[in-house]
Every structure is written in structure tokens, then in C-alpha cells.
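S.K.: Below is a structure I'd like to ask you about.
Since every read-out is calculated from the coordinates, none of them should be taken as a lab result. Every value quoted in this text rests on a predicted model; they were computed, and no experiment measured them. We place every Cβ from the backbone using ideal geometry, glycine too, and count neighbours over all the protein chains shown.
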Amino acid sequence: MQRITLASRPTGAPSAENFSLETCAVPTPGPDEVLVKLHYMSLDPYMRGRMDDAKSYAAPVPIGGTMEAGAVGEVVASNSPAFQPGDFVFGMFGWVSHGRLPANQLQKLDPNHGPITAALGVLGMPGLTGWHGLNEYGKPKAGETLVVAAATGPVGSMVGQLAKRAGLRTVGIAGGAEKCALAVDRFGFDACLDHRAYKDASALRKDLGAACPNGIDIYFENVGGKVLEAVLPLMNSYGRIPVCGMISYYGGAKGADADLTAPMIWRNVLVKFLSVQGFIIMNHFDRYPAFQKDVGPLVANGEIQFLEDIAIGLENAPAAFMALLKGGNMGKQIVKLV
Ligand code: NDP
């Protein structure tokens, strides 16, 4: 089997030498464990944080340790009565071709209910993140205006589509003309602005203000930096900001993303009475059944659209991950392993 380990810790953006592709023996499942041949694994922005030796909500990957990831695949051996060879499952296997996990850490998938890759994106952790963050902390109301960046990714596209269904005006922010067209044509955003086309926050704010004539009631925070700086003065009183991610800072803020200051943030929070709520979805997995009940049928009948960007081969995972952090992905980034 093959696995990718953390060879060294990056400073700023990760590079190829931070990863090591290794060949090792396929593990033998112990009592109540299941051995799985992985078909697809997920690449997600949070993995950048795991590469740092910094205190966070989750432990870092140790040097020489296998990179973390959710993955889906087929059971090849099972010491649990709950799983049989041939079953398809999701679990946190890591960047590996084969993996072994206790049965109680696996989720069974039904391949007759759509592609198994959906468990990594639209019906997996990122979809749940968008659904929970929007409903729980964004508290959307018909007639309001929502802004979200990384609008064509699995979180942003879920947020935009759910907000649109709830009767809001939805304005996306994405990198490049192609992603902006995708946001409007496929994910139903009323408008989408290309953040890369603006040299600083004030230029972006001018067009964002025009796209949000009634101000912004919900800013679903995925990125921070220049986008947040553009948004804050446009927020309406009693606006809500679910703080989901801040990808522009993950490798250290650079350029216009580094301009935002604490006084500007707090002044807007104070004078506009904003509600700002951070959340980490791993603390809310108990919401998964409700999410699946609500969103599963909408994905099955095409009312919620999704898009996947599939890289081929475990050996290409580092390059796909580095591209993801810079916006190189077009939709949910996945790696096909077989
Ligand atoms: P995406 O697939 O959308 O990929 C990340 C995207 O971020 C890139 O494609 C790029 O899109 C955008 N981006 C990168 N750098 C910048 C920048 N400097 N300014 C603006 N946009 C940038 O990722 P996900 O949908 O998986 O995740 C979206 C966010 O949600 C991330 O911040 C992630 O960390 C967070 N998250 C948080 C969770 C939680 O529990 N709180 C759980 C899951 C995700 P573009 O080219 O359009 O700019």
C-alpha cells in the first residue's frame, strides 16, 4: 500500500518537499476492525493547519505521520459483524491507498444513492458546514442579502444555494471569470465578483456595494483579508457573521489580504451591533442526520447542485492540495485512488 506523510513543516505556502510518498505493508485488521481499499479521498483547507506545530482545535500531524483526510472505499476484510467485504464506507483514513479503522468509526454508504464521492463534499463535512453555519448562526430571513466568498467551493456553493432557496439575495465572491460564471449559472447566485480583479478592499467594496443595494445582512466568512475588509462597512445593523474559515491567512497574510486592522473590525462590530460566531463543524456532527434528511433529497433531485474536481492518483495529492489553497480547484477537490 501507499501513504503520504508529513516530511517537514511548511513556512507559508506548502511545497512538494513537505510531503513524502511511502510504500508499506497493507495493515491487518484487529478485533472489530475493518480493512478498506480506498477509492477517493478528500482534500480540504483545514489540512494546512494540521501541518503546523501550533496549538489549535485539533492536534498537528507529527513529522513522519500520515496526512489526515476523510476517504471513501470498499471493505476488503472485516472483523466486525456490522461490515462485509464489498460494503462501501466513509472514514478518516488519511492520505492512504488502504486503511484500517474500528467499525464504530465508519459510516456505511449506499452506492445506489448517487456517487460515493458525495460523502466527501456536498453530503459530507463541507456540505454540513455550510448548512449548519448558515442556519444556526446566519439565521437567514427572506428578503435579506447574503455574501459568501469561495463561492464555488463545497462550503460556499452550499451556503449560496440554501440562502437562495430561503429567499435571500445571494452575492458570491470567487477567483476568476470562469468561477464567477459558474457561481451564477450553476449555483444560482444573483451576482458574483472576482476578488482577483481588485487591487485592494476599497475597489472591491465599490462594486460589492452596487451588487448589494440593500446592504449585507449575512456575511458567511470563509476567507478574511481583503474580502472581509470590503464587506464590513457594508454590513447592516444587526447583521450576522458566521466565522467558518479564513483561508487568506492560512499560509500567512500577504499583499492586500494583510491590510485589515483590528480597530476596523471592532468598530464595525460595535457600531452595527454585529453578531460574530465562530464554529468548528467537528463539534456539531450530531447535526448530521438532520442535515442528511433536509439536504439529501435536494441533492438527489438536482435542486442542490454540486461540482467535483477530481485529481488522479495518490502521488498527485500534494500538488492538488497546494493548488486548492490558491484557488486552483473548480469545485470540491477530491483525489481518485484506484
Ligand atoms: P474551497 O474548495 O472553496 O477551496 C478554498 C477556496 O478558497 C479556493 O478555491 C479559493 O477560491 C479561495 N481562496 C483562497 N485564497 C483566497 C484569498 N486570499 N481570498 C479569497 N479567497 C481565497 O474550500 P471549502 O469550501 O472546503 O472551504 C471553504 C472555507 O471553509 C475554508 O476557509 C475552510 O477552511 C472553511 N471550512 C471550515 C470548517 C469549519 O468547521 N469551520 C469546515 C470546512 C471548511 P477562489 O478561487 O474562488 O478565490
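S.K.: Would you mind getting me the FRET efficiency between PHE285 and MET330? Use the beta-carbon distance for r and R0 = 30 Å, nearest 0.05.
M.R.: Plugging the Cβ-Cβ distance into 1/(1 + (r/R0)^6) gives 0.60.
S.K.: Quick one: net charge around LEU325, please, counting Lys, Arg +1 and Asp, Glu -1 for every other residue with C-beta under 14 Å from its C-beta.
M.R.: Working: positive: ARG48, ARG50, LYS254, LYS326; negative: ASP44, ASP52, ASP257, ASP309.
Net local charge, LEU325 excluded: 0.
S.K.: Note the angle between two axes, namely the Cα long axis of helix 288-300 and the longest principal axis of the Cα atoms of the chain, as a number of degrees from 0 to 90, rounded to the nearest 10.
M.R.: It works out to around 80 degrees.
S.K.: Still on this structure, please answer the following. Over the residues of segment 6-50, compute the C-alpha Rg and express it relative to 2.2 N^0.38 Å.
M.R.: 1.57
S.K.: Right, something else. With everything on Cα atoms, drop me the angle between helix 201-211 and the longest principal axis of the chain, reported from 0 to 90° to the nearest 10.
M.R.: Tilt of helix 201-211: around 80 degrees.
S.K.: What spacing in nm lies between the two simple spin-label points modelled at SER275 and LYS141, each 7 Å away from Cα in the Cβ direction?
M.R.: 1.0
S.K.: Two decimals is fine: what's Rg over Rh for segment 125-281, C-alpha atoms, Kirkwood radius as Rh?
M.R.: Ratio value, two decimals: 0.92.
S.K.: Then there is this: Summing +1 for each Lys or Arg and -1 for each Asp or Glu, what net charge is found among the other residues whose Cβ lies under 11 Å from the Cβ of MET1?
M.R.: Charge balance in the 11 Å sphere: +2.
S.K.: Related question: Report, largest value first, the span of the C-alpha coordinates of the chain along each principal axis, in whole Å.
M.R.: On the principal axes, the chain reaches 59, 43, 33 Å in Cα extent.
S.K.: Under 16 Å between alpha carbons, and skipping anything fewer than 8 positions from LYS164 in its own chain: which lysines qualify?
M.R.: The qualifying lysines are LYS139, LYS141.
S.K.: What fraction of the Cα pairs in segment 233-327, stated in percent, has a spacing above 17 angstrom?
M.R.: 73
S.K.: Within segment 242-265, name every residue whose backbone N is under 14 Å away from a label modeled 7 Å from Cα of ASP200 along the Cβ vector.
M.R.: Residues 255-261 qualify, since their backbone N sits under 14 Å from the label point.
S.K.: Charges on Cβ only, +1 for Lys and Arg, -1 for Asp and Glu, centred on the Cα centroid of segment 1-119; of SER15, VAL36, MET92, which one is farthest towards the dipole's positive end?
M.R.: In segment 1-119, that residue is SER15.
S.K.: Another question, then. Using label points projected 7 Å from each Cα along Cα→Cβ, tell me how many nm separate THR23 and ALA319, to one decimal.
M.R.: 2.0
S.K.: How big is the antiparallel share of DSSP beta bridges in the chain, given as a percent to the nearest 5?
M.R.: Bridges in the chain that DSSP calls antiparallel: roughly 55 percent.
S.K.: Further question on the same structure: Net charge within 13 Å of CYS180 by Cβ-Cβ distance, Lys/Arg positive one each and Asp/Glu negative one each, not counting CYS180 itself?
M.R.: Result for the local shell: -2.
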